[in-house]
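The values are calculated or read from the model by the stated rules, or taken from the named source; none is laboratory data. Since this is a predicted model, take the numbers as computed values, not measurements. For neighbour counting, all protein chains shown are included, and Cβ atoms are generated from backbone atoms with ideal geometry for every residue, glycine included. When the accessible area is computed, the model is the full protein with side chains, heavy atoms only, and any ligands, DNA or RNA have been set aside. Shrake-Rupley method; radii C 1.70, N 1.55, O 1.52, S 1.80 Å.
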Amino acid sequence: MMPTRILIIEDHVLVREAMALTLAQVGEGVFCQQASSAAEAIALLEEDPDCDLLVVDLMLPEMNGFSLLGVIAKRFPDVPALVVSALDDRESVHRAMKAGASGFVSKASPSNTLIEAVRTVLDGGVFTPEATSGSDGSGRTRRASQAFAERFQLTAAQGRVLELVAQGKSNRDIADLLGLSEGTVKVHVSAILRSLGVTSRAQALLLMTRAGLRV
């Protein structure tokens, strides 16, 4: 029986190691490689493209996951990619699938969902995330975030920026992830702080925490 080779592309080492332990439950003969960046992943694939599946985070340093998916689709079209990300809104899921992903799993999902998604993609299928339907904890979190944004009359764009601010992302990271200019993100952040009646990101996060949101 040939081993199943999975390449995990995630910049947080603890998350990578946890994923590797989870993916070992997919079946016998699963072998996981790990890469901390898109550049490292591409180098590994160039050295040996015989890989069965890529597990890709969207929030990678230097080259984000969306861009990496595009590179993979062009240079390694026979290698399927499964996105596992905290960016689980409909827009991000649609963008990832359009870029070439064969599946999408929210990081808020339980481990058995990841296992199911991996098996589905390895079998040649496409995994549609339940997170986008609002049927799980991630959906409840999304609705709570939207309610918070509506409470302070934030626009949809400002609400999305605020969610990324809550995740500790810099203006540059947010611009890269949302396809905006850094100047536009700065304008959004300034408007958000004014709407919330605070003067810093830390105060904004404190306000969100007091409102019962997970940040």
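From Leu154, Leu162, which residue is part of a loop (DSSP other than H, G, I, E, B), crowded, with 19+ Cβ neighbours inside 10 Å and modelled with pLDDT of 75 or more?
On inspection, the qualifying residue turns out to be Leu154.
Which ones in segment 27-43 are within 17 Å of Pro3 (Cα to Cα) and either in a helix (DSSP H, G or I) or touching a Gly at 6+ places or on another chain (Cβ under 8 Å) (or both)?
Across segment 27-43, there are no qualifying residues.
For segment 168-215, enumerate the residues that are within 22 Å of the chain's Cα centre (by Cα), part of a loop (DSSP other than H, G, I, E, B) and among the polar types (S, T, N, Q).
Once the filter is applied, which keeps residues that are within 22 Å of the chain's Cα centre (by Cα), part of a loop (DSSP other than H, G, I, E, B) and among the polar types (S, T, N, Q), segment 168-215 yields Ser170, Ser181.
Give all pairs with beta carbons closer than 8 Å in which a residue from segment 176-204 that is touching a residue at least 40 places away in the same chain (Cβ under 8 Å) meets a residue that is open to solvent by 60 Å² or more (accessible area, probe 1.4 Å); count only pairs at least 6 apart in sequence or on separate chains.
Cβ pairs passing all conditions: Ser195/Gln153; Leu196/Gln203.
Quick one: which residue in Thr141, Thr132, Thr120, Thr128 is of a type outside the set (A, V, I, L, M) and at pLDDT 85 or above?
Thr120
Show the residue pairs meeting these rules: Cβ distance below 9 Å; 6+ apart or different chains; first residue within segment 29-53 and farther than 20 Å from Glu17 by Cα; second residue open to solvent by less than 60 Å² (accessible area, probe 1.4 Å) and not hydrophobic (A, V, I, L, M, F, W, C).
From segment 29-53, the pairs are Asp48/Arg5; Asp50/Arg5.
Kindly provide the set of residues from segment 43-63 that are among the hydrophobic types (A, V, I, L, M, F, W, C) and either open to solvent by less than 20 Å² (accessible area, probe 1.4 Å) or over 21 Å from the mean Cα position of the chain (by Cα) (or both), ordered by number.
Passing the criteria: Ala43, Leu44, Leu45, Cys51, Leu53, Leu54, Val55, Val56, Leu58, Leu60.
Return the pairs, sorted by first residue and then second, in which the second residue is surrounded by 14 or more Cβ atoms within 10 Å (Cβ to Cβ) and of a type in the set (Val, Ile, Thr), the first residue lies in segment 8-19 and is part of a loop (DSSP other than H, G, I, E, B), the beta carbons are less than 9 Å apart, and the residues are 6+ apart or on different chains.
Glu10/Val55; Glu10/Val56; Glu10/Val84
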